[in-house]
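A short write-up of the structure that comes next.
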Amino acid sequence: METAWYLEILEHEGRSLADAAEQAGPGAPVPACPDWRVRDLLRHTGVVHRWAAGFVADACPAPRPMEEHPDLDGPDLVAWYRACHGALLDTLREAKPDVECWTFLPGAESGLAFWARRQAHETAVHRWDAQAARGGDPTPVATDFAVDGIDELLRGFHARRRSRVRTPEPRVLRIRATDADADAVWTVRLSQDPPVTTRDAAGDAECEVSGPAAELYLSLWNRLPVPKVTGDAALAELWRRTSAIV
């Protein structure tokens, strides 16, 4: 996908997140994150935006810690989040396409491409959280963006050694988006090592999780129930219990 596409989504999702947070109020609980209120969501996402922008702006080649959360609340906190989001957009739009900086998932073409994609998905998921906290039905995620996010999660986050999705013996889980192109299917091979995911339907799977891409995307991020499970449901439950990103 083109970086400009991610930036357009990032702009829309960040503005929608701020609007929903403002409507919900800082004390509203975030359903998918039981320990969080909306103020925690805004502080977290704003700090992540600042952290990400720093790597690109400074062409920083190594990891560094995030800032402390700001001691802000209410309208001041919403305004601070909007400023963080705007500064991130400005940084990414002004960056050189081939900027070299630290990234933490495999497969990125450049630092800019990585952070535009990562921040678009980070913001989309937390926009959904903010709208869920506000009440009413959150805006659905577009199908093509959801497919991209599933791919990032399976072949990016869970390709790392930090993934806790492990099984004592080799097992095979399949993920299938039913409303997307034929290649929107992933085979996840589980073992005592990090999952190995290929974008195909090769071989037999002991469990298949399927459904519309937007629902799958949010269920794999543990925001919604799994749409449909065929086969050994214990593998779908294993994902729910162990897939939280740490």
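The values are calculated or read from the model by the stated rules, or taken from the named source; none is laboratory data. The model shown is predicted, which means the values in this text are computed figures rather than measured ones. As a convention, Cβ positions derive from the backbone with ideal geometry for all residues, glycine included, and neighbour counts pool all protein chains shown. Areas reflect the complete protein model, heavy atoms only, side chains present, ligands, DNA and RNA absent. Shrake-Rupley method; radii C 1.70, N 1.55, O 1.52, S 1.80 Å.
When the residues of segment 109-131 are filtered to those that are open to solvent by 10 Å² or more (accessible area, probe 1.4 Å) and acidic (Asp, Glu), the one that is modelled with the highest pLDDT is Glu122. Restricting Gly149, Gly211 to those that are at positive phi and at pLDDT 95 or above reduces the list to Gly211. Among the residues of segment 173-180, is there at least one that is crowded, with 21+ Cβ neighbours inside 10 Å and in contact with a Phe, Trp or Tyr (Cβ under 6 Å, 6 or more places away or on another chain)? Yes, that holds for at least one residue.
Test Pro26 against the stated conditions and say whether it is at pLDDT 95 or above and over 29 Å from Gly111 (Cβ atoms). When the stated conditions are applied, Pro26 passes them.
Scanning segment 102-149 for residues that are of a type in the set (S, T, N, Q), closer than 22 Å to Asp19 by Cα and either in a loop (DSSP other than H, G, I, E, B) or in contact with a His (Cβ under 8 Å, 6 or more places away or on another chain) (or both) gives Gln119, Thr123, Thr139.
Consider segment 1-47 and keep the residues that are in contact with a strand residue (DSSP E or B) (Cβ under 7 Å, 6 or more places away or on another chain) and of a type in the set (A, V, I, L, M, F, W, C). The one that is nearest to Ala95 (Cα to Cα) is Val30. Would you check if Val229 is over 15 Å from Ser243 (Cα atoms), surrounded by 17 or more Cβ atoms within 10 Å (Cβ to Cβ), modelled with pLDDT of 95 or more and within 15 Å of the chain's Cα centre (by Cα)? Spelling it out, it is not the case that Val229 is over 15 Å from Ser243 (Cα atoms), surrounded by 17 or more Cβ atoms within 10 Å (Cβ to Cβ), modelled with pLDDT of 95 or more and within 15 Å of the chain's Cα centre (by Cα). Residues in segment 65-76 that are among the acidic types (Asp, Glu) and under 22 Å from the mean Cα position of the chain (by Cα) were compared, and the one that is least open to solvent (accessible area, probe 1.4 Å) is Glu67. Screening the candidates Pro106, Pro194, Pro170, Pro97 for the property of being in contact with a Leu (Cβ under 9 Å, 6 or more places away or on another chain), without any contact (Cβ under 8 Å) to a residue 60 or more places away in the chain and open to solvent by 10 Å² or more (accessible area, probe 1.4 Å) yields one hit, Pro170.
Condition check: within 30 Å of Pro31 (Cβ to Cβ) and either open to solvent by 20 Å² or more (accessible area, probe 1.4 Å) or in contact (Cβ under 8 Å) with a residue 60 or more places away in the chain (or both). Does Leu88 satisfy that? Yes: the conditions hold for Leu88.
Looking at the structure I just gave you, is Asp148 surrounded by fewer than 18 Cβ atoms within 10 Å (Cβ to Cβ), in contact (Cβ under 8 Å) with a residue 12 or more places away in the chain and under 16 Å from Trp186 (Cα atoms)? For Asp148, the condition - surrounded by fewer than 18 Cβ atoms within 10 Å (Cβ to Cβ), in contact (Cβ under 8 Å) with a residue 12 or more places away in the chain and under 16 Å from Trp186 (Cα atoms) - is not met. Given the structure, is Trp5 under 18 Å from the mean Cα position of the chain (by Cα) and either crowded, with 16+ Cβ neighbours inside 10 Å or modelled with pLDDT under 95 (or both)? Judged against the criteria, Trp5 is not a match. For His44, the criteria (1) within 30 Å of Gly111 (Cα to Cα); (2) in contact with a helix residue (DSSP H, G or I) (Cβ under 7 Å, 6 or more places away or on another chain); (3) open to solvent by 30 Å² or more (accessible area, probe 1.4 Å) hold in every case but one, which is (2). Exactly one residue out of Thr143, Thr91 is within 24 Å of Arg15 (Cβ to Cβ) and either in contact with a strand residue (DSSP E or B) (Cβ under 8 Å, 6 or more places away or on another chain) or at pLDDT below 95 (or both), and it is Thr143. Which residue, of Ala79, Ala83, Ala28, Ala62, is surrounded by 19 or more Cβ atoms within 10 Å (Cβ to Cβ) and over 17 Å from the mean Cα position of the chain (by Cα)? Ala28 is the lone residue from the list that is surrounded by 19 or more Cβ atoms within 10 Å (Cβ to Cβ) and over 17 Å from the mean Cα position of the chain (by Cα).
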